[in-house]
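Inspection log for the structure reproduced underneath, given as structure tokens.
The values are calculated or read from the model by the stated rules, or taken from the named source; none is laboratory data. Note that the structure is a prediction, hence the values are computed from the model and not measured. Ideal geometry is used to build each Cβ from the backbone, glycine not excepted, and the neighbour counts take in all protein chains shown.
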Amino acid sequence: MKKTLLAAALLAGFAGSAQAANSVTLYGIVDTGLSYQYVKTKDAATGDTHSTNQFGLRDGAQSGSRWGLRGTEDLGDGLRAVFTLESGFNSNNGKSAQGGRLFGRQATIGLASDAWGQIDFGRQITTVNKYVGGIVNFGSIYAPVNGTFFSTGDTTRYDNQIQYRSPSFGGIEFGVGYSFNNDGVSPGNSSASGAKNSDFDRELNAAIKYANGPLAVAVGYDQIYLKKADPGKDPKALIVGASYDFEVVALQLGYQHVKHGAQFALNNGSEAALLDADSVNSYLVGVGAPLGANGNIYGQWSLSDAKDKEKKSNAFTVGYTYDLSKRTNLYVYGNYTQDYLYIKDQKAAQAGIGLRHRF
């Protein structure tokens, strides 16, 4: 306990002194609200239906709660040393997110240059998520076609990753990343005798984005190389996103094709087993528009189609945000999923309100 308190005190002192030197920034988001969820399920054996209702606090409906430290040091000649340590947490109970990791959202160190781009080492999101996800993402309340859905794996963050991102060339940016072990100890740190790269699941991601004025288009590719002990086929995905801001309304489009990885389109193993398809095509259409001086309204439709299993799932979402200040906003949302978890006649609905503050 004494060591824990001492570590917390040292971290607080470090953050304060670093901010004074203007080389480290403390930042974060706290997001919480009230949510109601209704789910109607169907027993595959008997055909009987069951319904559940839940009401209570929900963390991170619009943005996952987090705090982080972001630092930079000028090395001269336009070169900078950079690092980011970002920790996710549940604002309702104070527990760490991302499986209890201290810096589960990001833990990287790297070098950056306006002329040559940036290279980072460590746990971080993929280039696909950074480029494509930034276009077709209204926030985590617009499930299921957001975040983890637009990737090959059941997460958008990978451990032991080297990632390069280019500067902008006339609006064009690109990036590539490779993980030596996407979840856990890297081969270079393994204490196991004779440990090889092929003993671990590895991951490759690459993306390119064009942004100019109201138009943005991005294409990404994501592939997991399964460890040699895994008899399955390597999951892979092609993801495309586009958006155009007409000023009075913004339009967003998304498409994803997943091969040998359909089981990863859902967030846990029990749900994934219900799909068991070889390939899945997913589509997204979203619109957003200002409403009043401080408000914005959003709407989204998404379809996931597992052709070889003749299974589909449609989701519809609407939401509204109202800015109380530049850093604090209220939000309200509702969504409905037809053929929930790809099971015909299963339904899920959710509605909620929340408050988000950024610092």
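List of remarks:
Each row is one residue, and each column tells you yes or no for (1) surrounded by fewer than 20 Cβ atoms within 10 Å (Cβ to Cβ); (2) acidic (D, E); (3) over 26 Å from V30 (Cβ atoms).
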| residue | (1), (2), (3) |
| --- | --- |
| T321 | no, no, no |
| L324 | yes, no, no |
| N329 | no, no, no |
| V332 | yes, no, no |
| N335 | no, no, no |
| Y342 | no, no, yes |
| D345 | yes, yes, yes |
| I353 | yes, no, no |
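- Residue that is surrounded by the fewest Cβ atoms within 10 Å (Cβ to Cβ), among those in the stretch 141-159 that are at pLDDT 50 or above and more than 15 Å from Q256 (Cα to Cα): T155
- Meets criteria (more than 20 Å from G56 (Cα to Cα), touching a Lys or Arg at 6+ places or on another chain (Cβ under 7 Å), in a strand (DSSP E or B) and not basic (K, R)) for D345: no
- Residue list for the stretch 321-359, filter: modelled with pLDDT of 90 or more and of a type in the set (A, V, I, L, M, F, W, C): L324, L330, V332, A348, A349, A351, I353, L355, F359
- Neighbours by Cβ (under 9 Å, 6+ apart or cross-chain): first from the stretch 78-94, in contact (Cβ under 8 Å) with a residue 60 or more places away in the chain; second in a strand (DSSP E or B) and loosely packed, with under 14 Cβ neighbours inside 10 Å: N92/G56
- Candidate set: the stretch 74-95, residues that are within 22 Å of Q161 (Cα to Cα) and of a type in the set (S, T, Y); chosen: the one farthest from the chain's Cα centre (by Cα): T84
- Cβ pairs under 6 Å, 6+ apart, first in the stretch 334-358 and closer than 15 Å to T52 by Cβ, second of a type in the set (A, V, I, L, M, F, W, C) and assigned to a strand (DSSP E or B): T337/A315; T337/A348; Y340/A348; A348/V39
- Among the residues listed as T32, T41, the single one being buried (at least 16 other Cβ atoms within 10 Å of the Cβ) and touching a helix residue (DSSP H, G or I) at 6+ places or on another chain (Cβ under 8 Å): T41
- In the set G71, G99, G64, only one residue is of a type outside the set (D, E), modelled with pLDDT under 95, within 25 Å of N160 (Cβ to Cβ) and not in a helix (DSSP H, G or I); that residue is G64.
- Every pair of residues 6+ apart whose Cβ atoms lie under 6 Å, when the first sits in the stretch 214-228 and is closer than 18 Å to N129 by Cα while the second is of a type in the set (A, V, I, L, M) and not in a strand (DSSP E or B): A216/I135; A218/V132; A218/I135; G220/V128; G220/V132; D222/V128
- Scan of the stretch 294-320 for residues that are over 23 Å from the mean Cα position of the chain (by Cα), in a strand (DSSP E or B) and at pLDDT 90 or above, ordered by number: G295
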